[in-house]
Every structure is written in structure tokens, then in C-alpha cells.
Amino acid sequence: MSAEQRLKAIGVILPPPFRDEANRVRALRSGNHVFMSGHGPLGPNNVPMVVGKLGRDLSIEQGAAAARLTGLCTLSTLRAYLGDLNSVTRVVRVLGFINCAPGFNMPSNVLNGFSDLMIEVFGEAGRHTRSAIGVAELYADMPIEVEALFEVSG
């Protein structure tokens, strides 16, 4: 089953893709890899759909839901860049920054929401290397920001 078929099968509709800013791009291909700039759970006009710090404002479950939403935003940008997701052959690397209150030491559990979505969409090719890093602040108080590296064919 292709990635686009899997999205349809699990009933996922991707949000509108992010627009590039004047001095940067959200996706860049080099050889067989597409490097994704940091994405968060942002809606129209770059307004966060979820805000807060893990361990103070948000539970691990709420953070994982924000991570899944971040994954949907990432896939939306990737699809707009590639035309569809079927040329993705592997999710290679994920780097997650988690907005943590002092004492919150489980950022990896939050990033699982992103990782689980990649496996749902790409199957075993969605299994990737990753790091989850707790940080003191993120743009507009987003709970998560994720960079990703995808391998593509063609």
C-alpha cells in the first residue's frame, strides 16, 4: 500500500502546507534526500494550534497529540514539495525539540506522537533514527518543533 493510500485508509486529511518565507525554505532536496525545516503544530498565518510547556500546561498525552499534529504539518509540506508522498522511500532522521517546564524529563514520550504517525503512513520505512531534546522555549510557546530527513526515489 502506498503512503497516499495509507493516509486515505486511516482517514487522515493533511492541513494546508506552510508557505516558505523570503529567506528560507521549508523543504530542500539534495540528491535522494529531502531536508525539512523545523515544523510545529501551526495553523493558518503561523498561529500555533497548541501552546504550552510539557510538565506544566500539557500532559504527555497532549504533547504526543501535538507531535502527531506536527507530523501532519510536516507531511503536508513534504507532499506540496514532492507532489505526493509515494516517492518517499524512508524516513531517515527526526530531531524533536520539546518545550519543557523545569523537571520534565520525558521528551521522548512526547515525540512518539510524531514517530507513530510516520510508521502509520510509511510502514516499516517510517521507522527512523531520532533524538528528543527538552528546551526552555519555542516559537510562540509551541510545545514541539521537529526537523526531519526523508529519503526519496526519482
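Can you run down the residue pairs with Cβ atoms below 7 Å, 6 or more apart or on separate chains, where the first is in the range 93-116 and within 18 Å of residue 136 (Cβ to Cβ) and the partner is assigned to a strand (DSSP E or B) and of a type in the set (Asp, Glu)?
Sorted first by the residue in the range 93-116, then by its partner, the pairs are 95/147; 97/145.
When the residues of the range 98-149 are filtered to those that are among the aliphatic types (A, V, I, L, M) and in a helix (DSSP H, G or I), which remaining residue is surrounded by the fewest Cβ atoms within 10 Å (Cβ to Cβ)?
At the first step, the residues of the range 98-149 found to be among the aliphatic types (A, V, I, L, M) are 98, 101, 106, 110-111, 117-119, 121, 125, 132-133, 135-136, 138, 140, 142, 144, 146, 148-149.
Remaining after also requiring in a helix (DSSP H, G or I): 110-111, 117-119, 121, 125, 140.
On the way: 110: 29, 111: 26, 117: 23, 118: 24, 119: 15, 121: 24, 125: 17, 140: 11.
So, considering only residues that are among the aliphatic types (A, V, I, L, M) and in a helix (DSSP H, G or I), the one surrounded by the fewest Cβ atoms within 10 Å (Cβ to Cβ) is 140.
Looking at residue 55, is it of a type in the set (Gly, Ala, Ser), touching a Gly at 6+ places or on another chain (Cβ under 9 Å) and on the phi > 0 side of the Ramachandran plot? Give the derivation first.
Numbers: of a type in the set (Gly, Ala, Ser): yes; touching a Gly at 6+ places or on another chain (Cβ under 9 Å): yes; on the phi > 0 side of the Ramachandran plot: yes.
Yes: the conditions hold for residue 55.
Go through (1) within 26 Å of residue 3 (Cα to Cα); (2) out of contact with any Ser or Thr (no Cβ under 7 Å at 6 or more places or on another chain) and name the single condition residue 54 misses.
With respect to (1) within 26 Å of residue 3 (Cα to Cα); (2) out of contact with any Ser or Thr (no Cβ under 7 Å at 6 or more places or on another chain), residue 54 is out only on (1).
Among the numbered criteria (1) in contact (Cβ under 8 Å) with a residue 60 or more places away in the chain; (2) closer than 27 Å to residue 53 by Cβ; (3) of a type outside the set (D, E, K, R), which single criterion is violated by residue 73?
So residue 73 meets the others, but not (1).
Among residues belonging to the range 71-90 that are out of contact with any His (no Cβ under 9 Å at 6 or more places or on another chain) and part of a strand (DSSP E or B), point out the one that is surrounded by the most Cβ atoms within 10 Å (Cβ to Cβ).
88
Looking at 4, 21, which one is in a loop (DSSP other than H, G, I, E, B) and farther than 18 Å from residue 112 by Cα? Write out each step before concluding.
On the way: 4 fails: in a loop (DSSP other than H, G, I, E, B).
Matching residue, one of 4, 21: 21.
Mind listing just one residue for me: the one in the range 32-61 that is assigned to a helix (DSSP H, G or I) and at pLDDT 95 or above and, of those, surrounded by the most Cβ atoms within 10 Å (Cβ to Cβ)?
At the first step, the residues of the range 32-61 found to be assigned to a helix (DSSP H, G or I) are 44-46, 60-61.
Next, from what is left, pick out any that are at pLDDT 95 or above: 60-61.
Working: 60: 17, 61: 11.
Taking the candidates together, the pick is 60.
Exactly one of (1) assigned to a strand (DSSP E or B); (2) in contact with a helix residue (DSSP H, G or I) (Cβ under 6 Å, 6 or more places away or on another chain) is unmet by residue 93. Its number?
Just one mismatch for residue 93, condition (2).
With the condition kept exactly as written, say whether any residue in the range 3-22 is modelled with pLDDT of 95 or more, surrounded by 17 or more Cβ atoms within 10 Å (Cβ to Cβ), in contact with a strand residue (DSSP E or B) (Cβ under 9 Å, 6 or more places away or on another chain) and farther than 27 Å from residue 135 by Cα.
Yes: one or more hits.
Is there any pair linking a residue in the range 133-153 that is free of Cβ contacts under 8 Å to residues at least 12 places away in the same chain and among the charged types (D, E, K, R) to one that is part of a strand (DSSP E or B) and buried (at least 16 other Cβ atoms within 10 Å of the Cβ), with Cβ under 8 Å and at least six apart or on different chains, and which?
So the pair list comes out empty.
The values are calculated or read from the model by the stated rules, or taken from the named source; none is laboratory data. Note that the coordinates shown come from a computational prediction; the quantities given were computed from them, not determined experimentally. Reconstructed Cβ throughout: ideal geometry from the backbone, glycine too, with neighbour counts over all protein chains shown.
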